[in-house]
Each structure stands twice: as structure tokens, then as C-alpha cells.
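Asker: The structure follows.
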Amino acid sequence: ASIWEEIVSNGKPGATLAAYSLGSLYLDGLGVPRDQLRALDYYRISALLDYQPGQCRVGAVSMMAGADTQSNYLVENGLMWMMVAAARGYPQAIQMLPQFKQQIRIAIQNKARTKASRCIRDLPANCL
């Protein structure tokens, strides 16, 4: 994983895919210790680089982590990223979004929608 981490930290060509791949390695504990927070960090990097699979994955993992910890912040940001990926036409996000929205309170959905609109308009400036 260390060579991929170097690619991501130095912004070298391939950083987007390297960040996404590192997220997957840390999420699943493949060759590295399983670390959901580190996985989220790497997925978020790929999402900020406008990689739709990364946007979808950071959305799904954030929402699941938020549900596990009862963190509205994680759920809201996860939903925001899922909305961004869906708005950018990523098929998996389009398919998953309605299922996630059924489980999330309207107030959180509204906050996530507002954040997603700003993020879509100004990626990556308003996506954190």
C-alpha cells in the first residue's frame, strides 16, 4: 500500500484510482489493517477528484458508519456524496439512492441536498 500512498500524497498521475484502491484495501483489510476511517479518507480523496465510484463509495460507507454510530453528520455527508454521484450519472448511485433515502429523516435529506447542490456546482471547494 505504501507506493500507492506515495502516489496519492504527491498528486502523481493515477492518484484518483490509487486513492480509491487504497480505500478498498483499508475497508476490507487486504494487506493492511482494517480501518474504516482511513478507508473513508482515501475514498473522500477520490471523490474530491471527481471520481464517481469514489463518490458513491464514500457515500455508502459514511451512511453505514453513521447509522452504526448514530452520527447524523456522517449520514448527512454520506447522503450528500451519494447525491453527487447520482447527479453525475453514476448508475450504482442512481440505483442505491432511493433505498438509502427511505431510511433517512427528511431534515437530514434536506441538509444533504443543499450540500450536494453546492458540491456539484463548486467541486471540490464546497464538498468538505
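Asker: Out of LEU17, LEU30, report the one residue that is of a type in the set (A, V, I, L, M, F, W, C), surrounded by fewer than 19 Cβ atoms within 10 Å (Cβ to Cβ) and not in a helix (DSSP H, G or I). Spell out the reasoning first.
Answerer: Values: LEU17 fails: not in a helix (DSSP H, G or I).
Exactly one residue qualifies, and that residue is LEU30.
Asker: Read through the list (1) crowded, with 17+ Cβ neighbours inside 10 Å; (2) closer than 23 Å to THR114 by Cβ; (3) at pLDDT 95 or above, then give the number of the only condition that GLY66 fails.
Answerer: So GLY66 meets the others, but not (3).
Asker: May I pose another question? If you check every pair at least six apart or on different chains, which have Cβ atoms under 6 Å apart with a residue in the stretch 100-128 that is more than 22 Å from ALA65 (Cα to Cα) first and a residue that is at pLDDT 95 or above and open to solvent by less than 40 Å² (accessible area, probe 1.4 Å) second?
Answerer: Final answer for the pair search is ILE120/VAL84.
Asker: Go over the candidates ALA116, ALA107, ALA85 one by one and state the one that is open to solvent by less than 80 Å² (accessible area, probe 1.4 Å), closer than 21 Å to ALA39 by Cβ and either within 16 Å of the chain's Cα centre (by Cα) or of a type in the set (A, V, I, L, M, F, W, C) (or both).
Answerer: Details: ALA116 fails: closer than 21 Å to ALA39 by Cβ; ALA107 fails: closer than 21 Å to ALA39 by Cβ.
Testing whether each residue is open to solvent by less than 80 Å² (accessible area, probe 1.4 Å), closer than 21 Å to ALA39 by Cβ and either within 16 Å of the chain's Cα centre (by Cα) or of a type in the set (A, V, I, L, M, F, W, C) (or both) leaves just ALA85.
Asker: So, in the stretch 33-59, how many residues would count as being part of a loop (DSSP other than H, G, I, E, B) and over 21 Å from PHE100 (Cα atoms)?
Answerer: Total meeting the criteria: 5.
The values are calculated or read from the model by the stated rules, or taken from the named source; none is laboratory data. Since the model is a prediction, treat every value here as computed from it, not as a measurement. Cβ coordinates were reconstructed from backbone atoms using ideal geometry, including for glycine residues, and neighbour counts include every protein chain displayed. We work out accessible area using only protein heavy atoms, side chains counted, and drop any ligands, DNA or RNA first. Shrake-Rupley method; radii C 1.70, N 1.55, O 1.52, S 1.80 Å.
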